[in-house]
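The values are calculated or read from the model by the stated rules, or taken from the named source; none is laboratory data. Since this is a predicted model, take the numbers as computed values, not measurements. All Cβ positions, even for glycine, are placed from backbone atoms using ideal geometry, and neighbour counts span all protein chains on display. Only protein heavy atoms, including side chains, enter the accessible area calculation; ligands, DNA and RNA are left aside. Shrake-Rupley method; radii C 1.70, N 1.55, O 1.52, S 1.80 Å.
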Amino acid sequence: MTKSDPKSDLHRYLKAARESLVWKLDGLSEYDIRRPLTPTGTNLLGLVKHVASTEFGYFGETFARPSVEPLPWFEDGAEPNADMWATAEESREEIIGLYHRAWAHADATIEALAPDAIGRVPWWPEDRSEVTLHLVLIHMIAETNRHAGHADIVRELVDGTAGLRAGNENMPPVDQAWWGEYRDRLERVAQEAGRS
């Protein structure tokens, strides 16, 4: 049996989730990575900007290892939701670069601290703000995968591309005709259930 190291396992899952999220931008235009495709404005580049910002907080401030990275969208007086979209002046390269710097900062924290290292999340309620690195790793895996799931749906709405990550789409090997018939069948079932 292979011996498992819990911190390394969690770190590996976080890295995979990060890569999945960034992959959703591949091959798309500036317009398509910024398009708001839900009533609340969910867009691909904004998801990356948000998760990058979140990593800086959870693996930085929480463990008294703040980054020098300016995050003006979190400053007092910033517009609500400013971390969920990129301005026209913020390029794809800048936002992905920000995320890569967040990875490096977070990875340094993960490598430096033991899983039971204590930190404090300043924006959580006082009664549960004390956390361990282990808990923050779990939280960020959940957070990143949640937003990678949003990105899955947004990307499919943009151009029909679906799947888990590059090299492992995790989709059945079927053609577009099959998907069309499948979707039509689900629509018929939904209509039938709705009449019941």
Seminar exercise, completed: The farthest towards the positive end of the charge dipole of the chain, of the residues T2, P80, H105, given +1 on Cβ of Lys and Arg and -1 on Cβ of Asp and Glu, is T2
Exercise. Relative to the present Cα-Cα distance, how much length would full extension add between L157 and W124 at 0.36 nm per residue of separation?
Worked result: 8.5 nm
Exercise. Averaged per residue, what accessible surface does the stretch 136-196 expose to a 1.4 Å probe, in Å²?
Worked result: 69
Exercise. Taking the Cα centre of the chain as the origin, how large is its charge dipole in debye, to the nearest 20, when only Lys and Arg (+1) and Asp and Glu (-1) carry charge on their Cβ atoms?
Worked result: 520
Exercise. In degrees between 0 and 90, to the nearest 10, how far off the longest principal axis of the chain does helix 44-59 point, with axes built from Cα atoms?
Worked result: 30
Problem set entry | Angle between the chain longest axis and helix 6-23 axis [Cα atoms, degrees, rounded to 10] | 50
For this session: List the lysines whose Cα lies under 21 Å from the Cα of K7, skipping any in the same chain that are fewer than 8 positions away.
Result: K15
For this session: Pick out, from A151, S91, I33, the residue whose Cα sits farthest towards the positive end of the charge dipole of the chain, with +1 on the Cβ of Lys and Arg and -1 on the Cβ of Asp and Glu.
Result: A151
For this session: Would you mind working out the magnitude of the charge dipole of the stretch 57-130 relative to its Cα centre, with +1 at each Lys and Arg C-beta and -1 at each Asp and Glu C-beta, to the nearest 20 Debye?
Result: 220
Exercise. Can you give me the Cα centroid spacing of the stretch 8-56 and the stretch 118-196 in angstrom?
Worked result: 12
Problem set entry | Fluctuation leader among E30, E126, E19 - the chain, Gaussian network, Cα springs under 10 angstrom | E126
For this session: Please give, to one decimal in nm, the separation of the simple spin-label points placed at E181 and I138, each 7 Å out from Cα toward the Cβ.
Result: 4.4
Problem set entry | Difference of contour (0.36 nm per residue) and Cα-Cα distance, R12 to T87 | 23.9 nm
